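Read the structure below first, then the notes.
The values are calculated or read from the model by the stated rules, or taken from the named source; none is laboratory data. The shown structure was predicted, so the numbers you read here are calculated from the model rather than taken from an experiment. Cβ sites come from the backbone with ideal geometry, for glycine too, and all protein chains shown count toward neighbours.
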């Protein structure tokens with residue numbers, strides 16, 4: 001049975017509009033009626049090309065996470081891994097949920113033109129091939145899986161890096 005105190009606290013929490021709270025927390029001036037971040041998520045105004053590469057990478061990661069979450073046995077068969085037990089499939093789904101969160105982070109950062117995040121991704125993604133090589137060498141993951149992650153992460157890193165460098169060059173004047 002729920003105590004009266006707990007019931008009052010629950011009623012208090014339900015009185016908040018979650019979207020209003022989030023909008024107030026991330027708006028520039030703290031007012032809930034000013035939602036510039038939400039507008040930028042929808043329209044991506046002023047998005048740089050390098051931020052677009054981060055967003056596209058995020059969509060790819062989100063799709064992969066969604067497949068892991070809702071079709072773990074299919075994902076495992078695509079990766080050429082051994083079939084999962086029921087318990088392992090549930091853990092695989094949990095990892096898929098976390099992968100979806102990473103994808104959302106990349107999507108939102110790209111849509112919001114977060115230059116710091118674009119730069120940080122240039123520091124992080126080139127490390128993936130080394131991590132995959134170590135995991136493969138230690139027989140923790142199969143070579144095919146290490147290769148897929150390496151190609152995806154390092155390929156997207158090169159795309160973002162080349163785009164970022166083009167944007168960072170000073171414009172040539174005549």
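Residue 59 meets the stated requirement of being under 13 Å from the mean Cα position of the chain (by Cα) and part of a helix (DSSP H, G or I).
Any chance segment 79-86 includes a residue that's modelled with pLDDT of 75 or more and not in a loop (DSSP other than H, G, I, E, B)? Within segment 79-86, one or more residues are modelled with pLDDT of 75 or more and not in a loop (DSSP other than H, G, I, E, B). In segment 107-120, what count of residues is obtained for those that are buried (at least 16 other Cβ atoms within 10 Å of the Cβ) and more than 10 Å from residue 51 (Cβ to Cβ)? Residues that pass the stated criteria total 2. For segment 130-146, filtered to residues that are in a helix (DSSP H, G or I) and at pLDDT 95 or above, the residue that is farthest from the chain's Cα centre (by Cα) is 137.
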